[in-house]
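To start, the structure itself, in structure tokens.
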Amino acid sequence: MTKVHNFSAGPAILPQEAIDEAMEGLKNFKAMGMSVVEISHRTPQWEETMAEMEALIRELLGVSDAYAVLFLQGGASMQFCQVPYNLLPVNEKAAYLKTGTWASNAIKEATFFGEVDIVASSEDKNFSYIPKNYTIPTDAAYFHITTNNTIFGTQMHHIPDCPIPLVADMSSDIFSRPVDVNKYALIYAGAQKNMGPAGVTMVIVKKDILGKSGRKIPTMLDYSTHIKGESMFNTPPVFAIYLSYLTLKWVKKMGGVAAMEKRNEEKGRVLYAEIDRNSMFQGTTAVEDRSLMNPTFIMTKPELEKEFLKYTEDNNIVGIKGHRSVGGFRTSTYNALPIESVNHLVNVMQEFEKKYANQYESISK
């Protein structure tokens with residue numbers, strides 16, 4: 001099989017050994033003579049896997065017993081409404097930091113439940129930076145942030161001290177670096193970046209913030225339902241959880257989230273150095289806010305975009321086309337992407353510069 005360098009933004013690259021083990025589980029899960037997608041989720045073998053998954057998350061992120069760890073469905077987009085449904089009391093307001101498309105979508109959903117205070121926004125410069133020096137209102141029910149902005153390529157490298165409950169969408173950088181969970185009231189993350197395949201969403205919620213909204217919450221949207229049901233009030237997305245579990249086993253084997261951070265910092269250093277050096281490319285975000293998960297860039301000669309995309313495809317690089325809403329290029333460098341893939345992309349960028357920069361100069365003359 002031809003080696004493919006997968007820079008897709010999500011669903012994204014996963015550890016090969018996790019995929020290989022998942023394939024065995026698809027055929028014969030825990031020697032049961034059945035596939036993991038055939039067994040009842042009430043079997044002891046599956047309950048054991050769920051417990052191991054939760055324990056692994058608690059170990060990797062340092063999650064205390066004050067928090068519940070949930071595995072839900074509906075993606076991060078479901079959390080955009082589930083968070084205010086559970087945490088925003090009637091006739092109160094929530095505070096949001098507006099840093100990109102997904103933060104904007106979360107704000108939109110929250111307006112259905114009450115007043116929303118947009119504390120700061122980077123929309124004025126097409127979300128190319130993270131706002132600084134803003135004041136978090138102390139009279140809001142919670143403050144919502146998006147720690148990494150997948151489409152625009154920015155990331156929060158400093159989490160503010162927050163005088164009110166802090167809520168974070170960590171869909172695209174969860175498990176990529178250490179997290180002080182105790183700073184947050186709630187963390188949520190769609191799996192399909194660093195954690196596993198699409199289909200499951202992880203929620204880490206401080207139990208004592210629940211039950212205070214004064215709302216009647218539909219059963220499936222009430223976090224308490226899933227805490228009591230241990231994430232199995234209804235049939236969970238078993239395969240997505242299973243492959244996520246195997247992926248997090250790999251993270252632990254590789255040294256945990258601290259090791260992932262060093263690995264990701266090295267990939268970012270190599271790739272951003274080439275973006276800054278190469279005459280054909282330029283970054284799109286403020287340098288201090290550059291994402292280690294989704295480096296974005298454009299071409300200094302936009303008319304060569306199609307040629308560059310074709311050139312990368314010819315060199316077995318996939319998934320670098322920018323989001324349809326912004327264009328350009330996006331190179332998602334999640335945990336499972338090896339440094340060898342980044343080095344290969346850098347070499348291709350250098351080859352493209354040598355080939356096309358001189359050619360372009362000749363045409364210009």
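Observations on the model:
- Pairwise alpha-carbon distances in the stretch 1-126 exceed 21 Å for 64% of all pairs.
- Rounded, prolate or oblate (a/c below 1.5 giving rounded, otherwise prolate when a/b exceeds b/c) for the stretch 120-251 by Cα gyration tensor: oblate
- The chain - percent of accessible surface contributed by carbon and sulfur, probe 1.4 Å: 51 percent
- Under the Karplus curve 6.51 cos²θ - 1.76 cosθ + 1.60, θ = phi - 60°, whole-Hz ³J(HN,Hα) for the stretch 265-270, x wherever Gly or Pro sits: 5, 5, 4, x, 4, 5
- Convex hull of alpha carbon positions in the stretch 226-302: directionally averaged projected area 8.4 nm².
- Stretch gain in nm, segment Asn28-Asn315, where the contour uses 0.36 nm per residue and the Cα spacing is subtracted: 99.7 nm
- Mean residue ellipticity, 222 nm, helices only, the chain: the sum of -39500 (n - 2.57) across DSSP H runs of n ≥ 4, divided by residue count and rounded to 500, is -11000 deg cm²/dmol.
- Taking every DSSP bridge with both residues inside the chain, close to 55 percent are antiparallel.
- When both the stretch 109-132 and the stretch 247-280 are represented by their alpha-carbon centers, they are found 29 Å apart.
- The simple Förster model, with R0 at 51 Å and r as the Cβ-Cβ distance, assigns Thr138 and Val37 a FRET efficiency of 0.60.
- A Förster radius of 25 Å, combined with the Cβ-Cβ distance separating Arg277 from Lys306, puts the computed FRET efficiency at roughly 0.65.
- Å² of accessible area per residue within the stretch 274-365, as computed with a 1.4 Å probe and no ligands counted: 48 Å²
- Using only side-chain charges placed at the Cβ, +1 for Lys and Arg and -1 for Asp and Glu, the dipole size of the stretch 1-118 relative to its Cα centre rounds to 400 debye.
- Residue pairs, from the table Lys108/Lys193; Lys252/Lys310; Lys132/Lys228; Lys228/Lys249; Lys3/Lys125; Lys3/Lys193, whose Cα atoms sit over 28 Å apart: Lys252/Lys310; Lys132/Lys228; Lys3/Lys125
- Relative contact order for the chain, counting Cα pairs under 8 Å that sit 6 or more residues apart, in percent: 23 percent
The values are calculated or read from the model by the stated rules, or taken from the named source; none is laboratory data. It should be emphasised that the depicted structure is a prediction, and the values quoted were computed from it without experimental measurement. Glycine gets a Cβ as well: all are built from the backbone with ideal geometry, and neighbour counts include every protein chain shown. Note: areas computed on protein heavy atoms with side chains; ligands, DNA, RNA excluded. Shrake-Rupley method; radii C 1.70, N 1.55, O 1.52, S 1.80 Å.
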